[in-house]
Amino acid sequence: MSLSAGDPTDTFTRLMGHVAQGFEVLGAVILVAGVVVSFALAAVTVRRTGWSTNAYLVLRQAFGGTLLLGLEVLVAADLVHTVAVEPSAENVLVLGLIVVIRTFLSFSLETEIEGVAPWRRALATSGAGTIRRAAVRARAPEPPA
């Protein structure tokens, strides 16, 4: 049985393929723009306070938040692709492996950025929240020594 050009299933599959590609492009844009923003925030901090621990922390926090946000969007792309475009048992297993790996990476990044395990923090944060905190830190005056 072949699918005709007007088959709604084929149209839906193609549309979801484009949606998944859109998420992949968005994830890549987030990563590239995030690197630029991370270095810009660090440069602002360096201009205000000189080379300091604060500048390094701003760079590290902003870049880590960028990675977290990019990973979240790329997981969404994989999910759409697996569920709507190619829902086979093999693809679901591959998606499961990808989600496990990316979850471990996200957990490791959050722990590294925040300095504590995620369940020990009072408020859960996402990659976007981490980037926001880095931006606030970049604009904050250096505390007196």
For the stretch 55-64, just list the computed ³J(HN,Hα) in residue order, Karplus coefficients 6.51, -1.76 and 1.60, θ = phi - 60°, integers in Hz, with x standing in for Gly and Pro.
5, 4, 5, 4, 4, 5, 5, 5, 5, x
Using the Karplus equation 6.51 cos²θ - 1.76 cosθ + 1.60 (θ = phi - 60°), what ³J(HN,Hα) coupling, rounded to whole Hz, does each residue of the stretch 74-88 give in order, writing x for Gly and Pro?
5, 5, 4, 4, 5, 5, 4, 4, 6, 6, 9, 9, 10, x, 10
Cβ neighbours within 10 Å, averaged per peptide: list 10-23, 58-71, 38-51 in order, most packed at the top.
58-71, 38-51, 10-23
Report relative contact order for the stretch 14-93 in percent, whole number only (criteria: Cα-Cα under 8 Å, sequence separation at least 6).
47
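Values quoted throughout were computed directly from the atomic coordinates according to the rules given, and no laboratory measurement underlies them. The shown structure was predicted, so the numbers you read here are calculated from the model rather than taken from an experiment. Cβ sites come from the backbone with ideal geometry, for glycine too, and all protein chains shown count toward neighbours.
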